[in-house]
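The values are calculated or read from the model by the stated rules, or taken from the named source; none is laboratory data. Keep in mind that what you see is a predicted model, and the values were worked out from it rather than measured. Using ideal geometry, Cβ is built from the backbone for each residue, glycine included, and neighbour counts are taken over all protein chains shown. Side chains included, ligands, DNA and RNA excluded: accessible areas come from the protein's heavy atoms. Shrake-Rupley method; radii C 1.70, N 1.55, O 1.52, S 1.80 Å.
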Amino acid sequence: MALSVFLLLSISICFLVFFQDLLLSVNAQSFNLTQNSVTPINYDLYHSSGNLMGEIRALVHRHPNKLTMETFKAANKGYGSEITVVTFGKENEESNKRSKIRILLSFGQHGRELITTELALRILSILSEEKLLPSMDHASLDSVLDKLVIKVVPMENLNGRKVVEAGDLCERRNGRGVDLNRNWSVDWGKKEKDYDPYEENPGIAPFSEPESQIMRKLAISFEPHLWVNVHSGMEALFMPYDHKNTTPDGLPLKRMKALLEEVNHLHCQERCMIGSGGGSVGYFAHGTATDFMYDVVGVPMAFTFEIYGDGTASSRDCFKMFNPTEPAAYNRVLSEWSATFFTIFKLVPHQLGAKASILKLEKLVSIDEYLDGYLMERRNRYGKKMEVLELGMQEIRTYFRLFLLSSVLLLFMFCSRISKSKCRPIVSAIPL
């Protein structure tokens, strides 16, 4: 009897060990399958960051009468970055440029959203007339573009893009782990209950990141009438605000909503989400570029566009989630959204009307921000000659601050002297 019990226990233990090994093997195979199912970057469709910027440089070189290109650099606490800006404008005279509608477009703010930088290249190719829009005739396109000056930032987050290309396909932040679309000053640093420090790190302070500093200076110097921050992850047309569940009211809302509804009808076939970012996407985002452009820079039309998203992709398969992986989908996205932007170029002058050349800043910009923007604008025009002027302006700012400080100190000393003289007792000259 004892022998039978012992044999039964031995068989049970062996079975349990076998079953445990089987489960571990299945889990390992499942994990490996999940690992292998992460979609890599398809370089047959997509450019590397270096190749894309090289193509843009070559494009500008081939069309100097239509396109110009500048690269701005900045650094902070040992971390540096650079941003390339391509300008389209058929007239080179500054007076003519300032009388036109000014448009600022930013792509690639998040490193993992490669499709947005491909769209930037496609738009620049159409502006140079190396590619054509099937739906718009050449004469009509020229008539529209004559009214515009367009600045395109093809890849705002070059350092973050390189991290993605090195293998971290889910990275959206810059080269030192800061989300550039949380590093602006409007409602900066506020954290919601679902705050994810990996995804939404706002940095140590507003504009702590060189990329955000460059973009702020560019916006202040250029004073755009239209700003579009291009992302992927879904299909949507967002207006301010991102940090709260409200939109601007009055005429600004009417203009922006009318434009977005027409774009949604013509190009999204009504499938794109429209509204404020904070009220539509399901969470509030604090410290975003679009809220700063609208609230501080005073851009009359400020938008965030989401141009693609694959809702069937797993949360780990970031390349597939944020970028089309098949040639047909890739070409469709670029064709549809490039046509969308040229429709916007056509609609914006009509939406803004005769007052388009007047840009009212609703909020004060600091003297440092203004001078930084001023210097960037003049450097754009005069190149290296501005280095001496920039140094001179830095000295002027220093002397101005010293002057204010000394004035305050003198005023304080003067007031102290007066108060002491009033409190001094009066001594009689007649002996008692």
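Structure summary
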quantity	calculated
Computed accessible area, Val163, all protein chains, 1.4 angstrom probe, square angstrom	50 Å²
Chain lengthening between Val38 and Asp168 when straightened (0.36 nm per residue, less Cα-Cα)	45.7 nm
Estimated inter-spin distance, Asn331 and Tyr198, nm [label 7 Å along Cα→Cβ]	3.7 nm
Förster radius 56 Å - calculated FRET efficiency between Ser48 and Ser407, Cβ distance, rounded to 0.05	0.50
Where GluC sites (Glu not before Pro) fall in DSSP loop in the stretch 164-199, at most 13 other Cβ within 10 Å	Glu192
Stokes-Einstein D (µm²/s) once Rh is taken as the Kirkwood radius of the stretch 91-170 over alpha-carbon pairs, at 10 °C in 1.306 mPa s	110 µm²/s
DSSP beta bridges in the stretch 49-354 [antiparallel fraction, %, rounded to 5]	45 percent
Rg/Rg_ref, the stretch 178-279, where Rg_ref = 2.2 N^0.38 Å and atoms are Cα	1.19
Where Rh is the Kirkwood radius over Cα pairs, Rg/Rh for the stretch 95-138	1.08
In Å, descending, principal axis extents of the Cα set of the stretch 49-354	51, 44, 40
Nearest-10 value in Å² for the accessible area of Tyr241, using the 1.4 Å probe	20 Å²
Range of Cα positions in the stretch 78-220 per principal axis (Å), largest first	51, 33, 31
Relative frequency of Cα-Cα separations exceeding 18 Å in the stretch 131-211, percent	58 percent
